[in-house]
Amino acid sequence: MFEKLRAQRRTNNLARLVRLYAVILIIALTIAASILVLIQMRNYNSDVSQAREASINRASDILYTRQHDTDTSAARLSDSAEKLRNLNHFFSDSPSAYLEYTFDHDINGSFYYLPNQLGSILRNNDDIKEIIINPAGDNRYYVFNSAGGHVITSKKAPDVQGAFTVTSNLIDPTNLRTVATYYQIYDNTTLNDRLAQLTGKYQEQLFVTSYNGQQLYHYASAGVTAAEQRRARRRLARILKGSSFDALEQLNDQFAFHYDLLSVNGGNADFVIIALNNRRKQLENNLRRVSWIILGWALITTLLFIMLRLTFSRYQEQLGRIMKAMRAIGNEELASRVPVPKNDGELRTLADGINGMLDQIQQYVQEIYQVQIDQQEANMRALQAQINPHFLYNTLEYIRMSALSAGEIELADVIYNFATLMRHSISTGTTNATLAEETQFVEKYIYLYQLRFPKQLAYQIRLDEDILPMRVPKFTLQPLVENYFVHGVDFSRDDNAIRLQGHRQDEETVIIEIINNGDPIPPARLAELQTWLAATDPTDPTVLTQEPVKSIGLRNVADRIKNFYGTKSHLEINNNEYGGVTIRLILITG
């Protein structure tokens with residue numbers, strides 16, 4: 001029982017079609033979602049990379065400007081011998097003595113007081129927090145800011161929190177000797193704000209180091225934790241310690257990064273700017289950005305599955321009842337009837353047609369049973385042979401019209417051609433037909449195959465107009481074409497082709513050829529077949545032993561054209577240059 005149910009499930013074409021349709025839709029949606037995810041992730045990675053480059057460029061511009069301003073300020077403080085002497089008195093004299101010196105020694109006719117000059121620099125640039133001057137070879141650091149000035153004694157320059165120090169030298173232009181080191185301490189606020197505008201949503205860190213690897217500045221955008229900042233600082237310090245900047249490639253295992261060497265005056269770089277993003281965080285951000293795509297894909301796929309199931313479940317249920325009734329009828333339960341769906345449609349038309357045909361069958365069975373009960377089985381076959389085929393034609397025509405109404409043009413075309421083939425096959429009015437009628441019949445026969453295999457089969461029919469009215473025995477051409485579809489065609493190929501052509505060779509002779517590119521006939525088998533077709537007496541025992549059973553249709557056509565046209569008419573079969581078989585009819589009409 002379970003095997004039977006499984007067999008029924010396997011033969012449910014609609015269920016397979018629905019599953020195939022659902023799988024195709026899901027695959028298409030998955031491909032589309034995957035492409036969209038890849039595009040989004042690539043765009044995000046590109047945005048992050050561009051943000052790193054933009055932040056480096058922005059930092060480079062600001063640092064270049066600050067270094068240039070610092071160098072300019074230092075140069076203005078030491079560009080003449082008078083300013084250098086003034087500077088030396090500032091370093092060596094007491095404040096009062098220095099003030100007295102400046103009153104007695106103007107420069108270029110103007111009062112020149114170093115604290116005033118430094119105050120002017122501070123007022124002209126709000127980003128400068130302090131200015132520090134350290135005389136060469138001295139441990140004193142003269143610190144100036146908006147509150148005034150003071151002196152610090154230290155072995156190294158004082159560290160100002162939240163600031164960036166830019167250094168230059170006060171140089172004696174007469175001997176190029178460094179007189180003092182000049183520091184301009186810049187507030188980080190402006191630089192931080194500029195970088196935040198570029199990197200705020202990308203969790204980026206930016207470092208500025210000296211050429212020898214000393215970290216001068218560190219910026220971290222919102223979202224970068226203090227622990228991550230510490231790890232990045234330590235990692236960068238280990239890499240740059242005693243190594244060239246090529247060693248920065250070691251960051252690749254954990255960070256995506258860019259770096260730039262900034263040189264203000266040429267020569268070695270004054271600063272190294274490094275921008276980096278944590279790869280794991282970048283991937284997490286990427287996944288969060290595309291999560292709506294994945295969620296949308298899952299939602300749409302689920303909705304499509306539910307909609308397909310709801311749409312086809314009722315249709316499948318109705319079709320299942322019809323199939324169940326048909327199986328019962330196939331088991332000779334002729335009293336069974338196909339359930340008729342309530343809604344109009346092809347299933348209702350099919351059910352009504354089948355039920356009407358079953359009613360007629362049952363009526364005829366009853367009549368025969370009443371007349372000749374002892375010959376029930378023979379009478380049943382006779383009754384079935386007497387069923388008016390017009391009922392089937394009408395049913396098929398009704399189904400075709402329903403298909404047209406539903407927009408199923410291809411299905412309607414198939415039904416029409418099938419009905420035409422049946423009408424030609426069942427009609428008993430005459431035993432012959434015109435060559436045009438036979439050609440139309442063959443074309444419909446081939447057309448039904450092409451509908452099933454549109455990309456694997458091509459055909460061509462070309463007969464001269466003057467031979468179309470000639471009469472030939474019915475089913476002269478169809479068995480020869482069918483022979484190709486039974487023995488020669490290979491639908492795993494996409495170049496199957498068959499051609500039907502005909503012309504009048506002379507006043508008495510008409511040549512008709514069926515040419516295909518299917519499998520050729522083996523030479524031994526072809527010779528045997530040609531001998532059998534050429535035999536004048538096909539009942540000869542020696543001929544019958546050579547004749548293959550599968551070629552009885554060829555012999556039947558050969559005999560019928562001889563009976564219709566005379567013994568000079570015959571059939572030839574040969575392999576052709578296309579790799580297939582050519583069947584040739586030579587019809588002597590005179």
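The values are calculated or read from the model by the stated rules, or taken from the named source; none is laboratory data. These figures come from a predicted structure and were not determined experimentally. Reconstructed Cβ throughout: ideal geometry from the backbone, glycine too, with neighbour counts over all protein chains shown. Just so you know, the surface numbers come from the protein's heavy atoms only, side chains and all, with ligands and any DNA or RNA stripped out. Shrake-Rupley method; radii C 1.70, N 1.55, O 1.52, S 1.80 Å.
Whole-Hz Karplus values for region 567-584 come out as 5, 6, 6, 7, 10, 10, 9, 8, 6, 10, 6, 8, x, x, 10, 10, 10, 10 Hz, taken residue by residue from phi with 6.51 cos²θ - 1.76 cosθ + 1.60 and θ = phi - 60°; glycine and proline positions read x. Note on V486: accessible area approximately 90 square angstrom, rounded to 10, probe 1.4 Å, nucleic acids and ligands left out. Remark: for residue pairs K83/K129; K324/K444; K156/K281, the C-alpha separation exceeds 28 Å in K324/K444; K156/K281.
Close amide H partners of A136, meaning residues 5 or more places away or on another chain with modelled amide H under 5 Å apart, are A180, T181. Computed 3J(HN,Hα) for region 64-81, one whole-Hz value per residue from the Karplus formula 6.51 cos²θ - 1.76 cosθ + 1.60 where θ = phi - 60°, is 4, 4, 5, 5, 5, 5, 5, 4, 5, 4, 5, 5, 5, 7, 9, 8, 8, 5, glycine and proline marked x. Ranked by the mean number of other Cβ atoms within 10 Å of their residues, highest first, the peptides 98-107, 154-163 fall in the order 98-107, 154-163.
For region 174-188, putting each phi into the Karplus relation 6.51 cos²θ - 1.76 cosθ + 1.60 with θ = phi - 60° gives couplings of 7, 10, 6, 8, 6, 8, 7, 9, 10, 10, 10, 9, 9, 5, 7 Hz, in residue order, rounded to whole numbers and with x for Gly and Pro. Of the peptides 198-208, 124-134, 430-440, the order by per-residue mean of other Cβ atoms within 10 Å, starting with the highest, comes out as 198-208, 124-134, 430-440.
Between Q505 and A226, the simple spin-label model (points 7 angstrom out along Cα→Cβ) gives 10.6 nm.
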